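A.B. asks: First, the structure itself, so that you have it in front of you.
Please treat every number below as a calculation from the coordinates, not as lab data. What you see is a predicted model, and the numbers here were worked out from it, not measured in a lab. No Cβ is skipped: glycine too gets one built from the backbone with ideal geometry, and neighbour counts run over all protein chains shown.
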Amino acid sequence: MSEIEIVALCRKQDRVGERLLFKKYYTSMLGLCRRYVSDEYAAKEVLSDGFVKVFHHLDTFEFREGKGLKSWIKNIMINEALMYLRKHRKFQKNVSLDEVYDAPGVQQVESMDAELIHKAIRDLPPGYRTVLNMSLIEGFSHKEISEKLNIAEAASRSQLARARKKLQESLKGML
């Protein structure tokens, strides 16, 4: 069944369509939620809340060239994860520019198991992990990150630098 057909069913509140949509995106969206929220239970809570919003707002989704259903759902999940983190005060809001530094790149990462790298990222403090995900994985600029997280751009840069350094230290310990 095509995405258009699944969305049409979901818009009619058809349970089969909703189940198909949920199953189609469950794994990838849970992975996305886990990148932001390391606690498994909390990540599933974010995922669940995100899908509630997806189904509630599906009538506003329009199929457009260059912006598919998956990216629309992904944006909802990212926003849900950020709201969860904000609610649980997982961000440092005030960091001075003097604290911003560049961490050197991680050596020998290509020889490491991807699961070890994912674990090291999940083990980062929530603020670091969130900024790292938004910057390196999702491609947001520091300006966009600061706006979405309601933090200073300097805090975004600082948390990214600290995340890289902490990640480097964690990965060195795994080599």
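A.B. asks: Report, by residue number, each residue of segment 21-67 that is more than 13 Å from Ile78 (Cβ to Cβ), not in a helix (DSSP H, G or I) and not polar (S, T, N, Q).
C.D. replies: Scanning segment 21-67 gives Asp39, Phe61, Glu62, Phe63, Arg64, Glu65, Gly66, Lys67.
A.B. asks: Among the candidates Leu167, Leu136, Leu171, Leu160, single out the residue that is closer than 24 Å to Gly31 by Cβ and in contact with a Ser or Thr (Cβ under 7 Å, 6 or more places away or on another chain).
C.D. replies: Of Leu167, Leu136, Leu171, Leu160, the one residue that is closer than 24 Å to Gly31 by Cβ and in contact with a Ser or Thr (Cβ under 7 Å, 6 or more places away or on another chain) is Leu160.
A.B. asks: Can you name every residue in segment 1-20 that is more than 25 Å from the chain's Cα centre (by Cα) and assigned to a helix (DSSP H, G or I)?
C.D. replies: Here is the first cut: in segment 1-20, the ones more than 25 Å from the chain's Cα centre (by Cα) are 1-2, 4-5, 8-9, 11-17.
Across segment 1-20, the qualifying residues are Ile4, Glu5, Ala8, Leu9, Arg11, Arg15, Val16, Gly17.
A.B. asks: What tally of residues in segment 130-175 results from selecting those that are in contact with a Lys or Arg (Cβ under 9 Å, 6 or more places away or on another chain), outside any loop (DSSP other than H, G, I, E, B), under 22 Å from Leu32 (Cβ atoms) and of a type in the set (Asp, Glu)?
C.D. replies: Residues meeting the conditions: 0.
A.B. asks: Scan segment 151-158 and give yes if some residue there is more than 14 Å from Asp123 (Cβ to Cβ) and free of Cβ contacts under 8 Å to residues at least 40 places away in the same chain, otherwise no.
C.D. replies: Looking through segment 151-158, at least one residue is more than 14 Å from Asp123 (Cβ to Cβ) and free of Cβ contacts under 8 Å to residues at least 40 places away in the same chain.
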